[in-house]
Amino acid sequence: MEIFSSPLQLQSKLLQLKRSGKKIGFAPTMGNLHQGHLSLITEAKKRADIVVSSIFVNPMQFGPNEDFDSYPRTLEQDISKLESVGCDFLLTPTIDDIYPLGKEIHTSVEVNRLTDKLCGASRPGHFRGVTTIVNILFNIVQPDLAIFGKKDYQQYQIIKTMVKDLIMPIEIIGAEIVRENNGLAMSSRNGYLTEQQKEDASQLRKVILSTAESIESGKKSITDARTDAIEALTDKGFKVDYFEVVNQTDLEQAKKTDKHLLIAAAAWLGQPRLIDNFEFEVN
């Protein structure tokens, strides 16, 4: 694996490969990699000739009271993991490389829909930071396809929308959630959990699945199922940020006529804010 700290040097190398007919796949990350991240590389390798990843903890997507300074940075271990799954190129830029004039006055990119609900409602400006850095990385790498995990389902849909709206020639692929043995969605922030909290955190997935089953079977209305789920999570020690049943495409509150539904949830357990979701269909 070749490692580049300079965006322009990597861009020059990849442009040569693209001119020779190579198909480029890309999986951006913030590092502290786990099996979920590595599955993105594996998926990209199935679809592309060359696979690129990046590690950049993006300050623009962190709020003033979030964990930017303490976010885990494990570059040496991450490099070994990427090499083990056959990643070809890695970009490790500095903040000055990405935001040379400072993130406060840097040009930003914002999707004007999908961003004001769910995680966007409780993390103002977060998705503007995400779409800005992904746009920058796309311009550096110029991939033919990019892989994003569906654990961040809202982010995945927002990136798809950005690419469509800005007519970018990039295929966006959603990768399925990779989970711990107990069902907890893998996340870099799971490292903040104690062993007991990790076990307790598996209840988030169980409540989501039971809620989906009650809606799909017609046992409960969406409103009642959502209310019961929030009560169940609260009883299990979670501080619920949101628990919503929405349309998969536009993330608007689900209506009786909607068939393709998503349960999306975010809740704190101890220090970390956990997110998870489940796609399902109703007749």
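Sort through Gly218, Gly237 and tell me the only one that's in the same structural domain as Ala264 (by TED's automatic domain parsing), among the small types (Gly, Ala, Ser) and at pLDDT below 95.
Values: Gly237 fails: at pLDDT below 95.
Going through Gly218, Gly237 in turn, just one is in the same structural domain as Ala264 (by TED's automatic domain parsing), among the small types (Gly, Ala, Ser) and at pLDDT below 95: Gly218.
Please go through segment 253-274 and pick out each residue that is surrounded by 18 or more Cβ atoms within 10 Å (Cβ to Cβ) and part of a strand (DSSP E or B). Break it down stepwise before answering.
Within segment 253-274, the subset surrounded by 18 or more Cβ atoms within 10 Å (Cβ to Cβ) is 254, 258, 261-267, 269, 272-274.
Those that are surrounded by 18 or more Cβ atoms within 10 Å (Cβ to Cβ) and part of a strand (DSSP E or B): Leu261, Leu262, Ile263, Ala264, Ala265, Ala266, Ala267, Arg273, Leu274.
Take the residues in segment 38-81 that are out of contact with any strand residue (DSSP E or B) (no Cβ under 8 Å at 6 or more places or on another chain) and basic (Lys, Arg), then tell me which one is farthest from Val141 (Cα to Cα). First the steps, then the outcome.
Taking segment 38-81 as the starting set, the residues that turn out to be out of contact with any strand residue (DSSP E or B) (no Cβ under 8 Å at 6 or more places or on another chain) are 38, 42, 46, 57-74, 76-77, 80-81.
Adding the requirement that they be basic (Lys, Arg) leaves 46, 73, 81.
Details: Lys46: 18, Arg73: 22, Lys81: 21 Å.
Checked segment 38-81; the qualifying residue farthest from Val141 (Cα to Cα) is Arg73.
Kindly provide the set of residues from segment 212-247 that are aromatic (Phe, Trp, Tyr) and surrounded by 18 or more Cβ atoms within 10 Å (Cβ to Cβ), ordered by number.
Going residue by residue through segment 212-247, those that are aromatic (Phe, Trp, Tyr) are 238, 242-243.
Scanning segment 212-247 gives Phe238, Phe243.
Looking at segment 162-176, can you tell me whether even one residue there is over 29 Å from Ala254 (Cα atoms), in contact with a Ser or Thr (Cβ under 9 Å, 6 or more places away or on another chain) and surrounded by 18 or more Cβ atoms within 10 Å (Cβ to Cβ)? Don't jump to the end; show me each part of the working.
Step one: of segment 162-176, the residues over 29 Å from Ala254 (Cα atoms) are 168-170.
From what is left, the residues that are in contact with a Ser or Thr (Cβ under 9 Å, 6 or more places away or on another chain) are none.
Among the residues of segment 162-176, not one is over 29 Å from Ala254 (Cα atoms), in contact with a Ser or Thr (Cβ under 9 Å, 6 or more places away or on another chain) and surrounded by 18 or more Cβ atoms within 10 Å (Cβ to Cβ), which makes the answer no.
Condition first: more than 25 Å from Glu252 (Cα to Cα) and outside any helix (DSSP H, G or I). Now tell me which residues in segment 109-152 satisfy that.
Gln142, Pro143, Asp144, Leu145, Ala146 - these are the residues of segment 109-152 that are more than 25 Å from Glu252 (Cα to Cα) and outside any helix (DSSP H, G or I).
Can you go through Glu104, Glu66, Glu43, Glu110 and tell me which one is surrounded by 13 or more Cβ atoms within 10 Å (Cβ to Cβ) and at pLDDT below 95?
Values: Glu104 fails: surrounded by 13 or more Cβ atoms within 10 Å (Cβ to Cβ); Glu43 fails: at pLDDT below 95; Glu110 fails: at pLDDT below 95.
None of the other options fit; the residue is Glu66.
Among the candidates Ile159, Ile170, Ile208, which residue alone is touching a helix residue (DSSP H, G or I) at 6+ places or on another chain (Cβ under 9 Å) and either small (Gly, Ala, Ser) or outside the structural domain of Val141 (by TED's automatic domain parsing) (or both)? Working first, answer last.
Details: Ile159 fails: either small (Gly, Ala, Ser) or outside the structural domain of Val141 (by TED's automatic domain parsing) (or both); Ile170 fails: either small (Gly, Ala, Ser) or outside the structural domain of Val141 (by TED's automatic domain parsing) (or both).
Exactly one residue qualifies, and that residue is Ile208.
Output the number of residues of segment 22-41 satisfying the condition of being within 17 Å of Ile3 (Cα to Cα) and either of a type in the set (Gly, Ala, Ser) or touching a His at 6+ places or on another chain (Cβ under 7 Å) (or both).
Residues meeting the conditions: 4.
So for segment 9-29 (the condition being on the phi > 0 side of the Ramachandran plot, in contact with a strand residue (DSSP E or B) (Cβ under 7 Å, 6 or more places away or on another chain) and not aromatic (Phe, Trp, Tyr)), does at least one residue qualify? Working first, answer last.
Just the residues of segment 9-29 that are on the phi > 0 side of the Ramachandran plot, to begin with: 21.
With in contact with a strand residue (DSSP E or B) (Cβ under 7 Å, 6 or more places away or on another chain) added as a condition, the list becomes none.
No, segment 9-29 contains no residue that is on the phi > 0 side of the Ramachandran plot, in contact with a strand residue (DSSP E or B) (Cβ under 7 Å, 6 or more places away or on another chain) and not aromatic (Phe, Trp, Tyr).
Could you tell me whether Asp250 is touching a residue at least 60 places away in the same chain (Cβ under 8 Å), surrounded by fewer than 17 Cβ atoms within 10 Å (Cβ to Cβ), outside the structural domain of Gln154 (by TED's automatic domain parsing) and within 23 Å of Ile159 (Cβ to Cβ)?
On the way: touching a residue at least 60 places away in the same chain (Cβ under 8 Å): yes; surrounded by fewer than 17 Cβ atoms within 10 Å (Cβ to Cβ): yes; outside the structural domain of Gln154 (by TED's automatic domain parsing): yes; within 23 Å of Ile159 (Cβ to Cβ): yes.
Criteria met by Asp250.
Would a scan of segment 163-171 turn up a residue that is in contact with a Leu (Cβ under 6 Å, 6 or more places away or on another chain) and either more than 23 Å from Arg73 (Cα to Cα) or of a type in the set (Phe, Trp, Tyr) (or both)?
Restricting attention to segment 163-171, the residues satisfying the condition of being in contact with a Leu (Cβ under 6 Å, 6 or more places away or on another chain) are 171.
Going one step further and asking which of them are either more than 23 Å from Arg73 (Cα to Cα) or of a type in the set (Phe, Trp, Tyr) (or both), we end up with 171.
Scanning segment 163-171, I find at least one residue that is in contact with a Leu (Cβ under 6 Å, 6 or more places away or on another chain) and either more than 23 Å from Arg73 (Cα to Cα) or of a type in the set (Phe, Trp, Tyr) (or both), so the answer is yes.
State all residues of segment 1-30 that are more than 14 Å from Ala146 (Cβ to Cβ) and either surrounded by 22 or more Cβ atoms within 10 Å (Cβ to Cβ) or modelled with pLDDT under 95 (or both); if no residue qualifies, say none. Break it down stepwise before answering.
If we filter segment 1-30 for residues that are more than 14 Å from Ala146 (Cβ to Cβ), which is where we start, we get 1-13, 15-22, 30.
Passing the criteria: only Leu10.
The values are calculated or read from the model by the stated rules, or taken from the named source; none is laboratory data. All values derive from a computational prediction rather than experimental measurement. Positions of Cβ are generated from backbone atoms using ideal geometry, with glycine treated the same way; all protein chains shown enter the neighbour counts.
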